[in-house]
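The values are calculated or read from the model by the stated rules, or taken from the named source; none is laboratory data. Here the structure is a predicted model, which is why all the values come from computation and not from measurement. Heads up, the Cβs are rebuilt from the backbone with ideal geometry, glycines too, and the neighbour counts pull from every protein chain shown. Surface accessibility is based on the protein's heavy atoms, side chains included, excluding ligands, DNA and RNA. Shrake-Rupley method; radii C 1.70, N 1.55, O 1.52, S 1.80 Å.
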Amino acid sequence: MTAIFFANARVIDPVALTDELGSVLVVDGLIHAVSGADAKPPVGAKVIDCGGMCLAPGIIDIGVKVSEPGERHKESFRSAGRAAAAGGVTTIVTRPDTDPAIDTPEKLEFVARRAQLDAPVHVLPMAALTKNRDGREMTEIGLLKDAGAVAFTDCDHVVTNTKVLSRALTYARSLDALVIGHTQDPGLSEGAVVTSGKFASLRGLPGVSPMAERMALDRDISLLEMTGARYHVDQITTARALPALERAKRNGLKITAGVSIHHLTLNDMDVADYRSFFKLTPPLRAEDDRIAVVQAVAEGLIDVICSMHTPQDEESKRLPFEEAASGAVGLETLLPAAMRLYHAGQIDLPRLFRALSLNPARLLGLAAGRILAGAPADLVLFDPDAPFQLDRTTLQSKSKNTPFDGARLQGRVIGTWVDGTRIWGEA
């Protein structure tokens, strides 16, 4: 028997929504007991004195791009796994927008083998919803689900053919498969690189109205009413989309929604003088939208916070803003960036970890994401107040395209455990 006793920990419980000093006993990779601060370790247990720092469920990050196969120079399972461990992420749910796309069981099995060999964290692959993500013919959802796909998505390639999408949703419902969609009207969004408004006009950049998100969400909600499928919106980033999401949930549709940490902590003004590290999909929004979305997370309307980790190399980012590739790395910066919301008093730690850990686990049917007896000992120990200035060259990811380069952040990961084994931090 292997026993680890976390003493003097500030235990963050996203189920009970509590933040209290206590202790946690781990036995053979599972949480055995959660006790008060005065509990004593059993004989023979390894004692870790947490020194009053926060002990929380490991983060489950939905929508991580690992560039295998096709672009391994941007990110591999080994480098993504190290970045996840350094950021307190114990499970990554990978996107199928690779080259080629993950749209057959053979490709999915290749990804699963690579992940098992190289990544120290849990890796759960998603598969494409349509072949080659081109929106014309759905993939073999049943075979892919049997091969281990936890969800189906074409990522930022919106399926414009409603007949194809409705058939895919109907088939997914029959298998209780989760579909993840990107709600941006492709006609309005085509060629846009920022959100429309005064700032976009001053910079001379093509913009897209926030209504593009609302229009696409309305369409997908209609299809959900027709098919009854389980559906997760990868990112809700505008205030205009929130009433539609709230109505859909109130009407009993099986819909959940996420948002990236970048859209929660940055706004369109951060693009400043055409800084391409701030070019994202969807683009950064106005400050009013950011505040509305933060409030929606705090209230539970938006269920999940993710990194939307998208590695890009220097050659694809060091270009004029319109030509630069979209996306930012986020595995390692997800937690310290999220601490901005906590330190600003916008969301407490239990609710923050409900969106980072518990809700993603519930969405995917995982036992993780909790600090409860019987749950896997996937844990992160962090100091929420530790200040540091981010230097992108120190990131574990192969690609260094972070908008937080040079930013002053608070919140440093001290240790990360997967199934009771420490994968980050000094033993």
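Overview of values
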| read-out | value |
| --- | --- |
| Among 96-102, 254-260, 334-340, the order from most to least packed when residues are scored by Cβ within 10 Å on average | 334-340, 254-260, 96-102 |
| Cα-based helix-to-principal-axis angle, 211-227 vs the chain, degrees rounded to 10 | 80 degrees |
| Whole-number percent relative contact order across segment 82-160, with pairs defined as alpha carbons under 8 Å at least 6 apart | 34 percent |
| Translational D in µm²/s for segment 52-159 (Stokes-Einstein at 25 °C, 0.890 mPa s, Kirkwood Rh from C-alpha pairs) | 175 µm²/s |
| Peptide ranges 314-321, 291-298 listed from the most packed, as the mean C-beta count within 10 angstrom indicates | 291-298, 314-321 |
| Length-normalised contact order of the chain in % [C-alpha pairs under 8 Å, at least 6 apart] | 20 percent |
| Crossing angle, helix 334-343 versus the chain [Cα axis fit, 0-90 degrees, rounded to tens] | 80 degrees |
| Which label in (i) -0.54; (ii) -0.41; (iii) -0.49 gives the computed log10 I(q)/I(0) by the Debye sum over Cα atoms at q = 0.08 Å⁻¹ | (ii) |
| Tilt relative to the chain, helix 105-118 - C-alpha long axis, 0 to 90 degrees, to 10 | 40 degrees |
| For segment 109-156, Kirkwood radius (reciprocal of mean inverse C-alpha pair distance, Å) | 11.5 Å |
| Whole-number Å³ per residue for the convex hull built on Cα positions in segment 308-386 | 151 Å³ |
| Antiparallel %, DSSP beta bridges [both residues in the chain], to 5 | 50 percent |
| Per-residue ³J(HN,Hα) for segment 196-206, Karplus 6.51 cos²θ - 1.76 cosθ + 1.60, θ = phi - 60°, Hz, x for Gly and Pro | 5, x, 4, 5, 4, 5, 5, 8, x, 9, x |
| Cα centroid of segment 188-252 to Cα centroid of segment 260-318, whole Å | 14 Å |
| Residues of the chain: accessible area per residue with a 1.4 Å probe, Å² | 39 Å² |
| Sequence-separation-based contact order of segment 191-286, relative, with Cα cut under 8 Å and 6+ spacing, percent | 30 percent |
| Spatially proximal lysines relative to Lys254 (Cα-Cα < 27 Å; intrachain offsets below 8 disregarded) | Lys65, Lys131, Lys145, Lys163 |
| Surface share of carbon and sulfur [accessible, 1.4 angstrom probe, percent] for the chain | 49 percent |
| Mean Cβ neighbour count within 10 Å, used as a protection proxy, ranking 305-313, 159-167 highest first | 305-313, 159-167 |
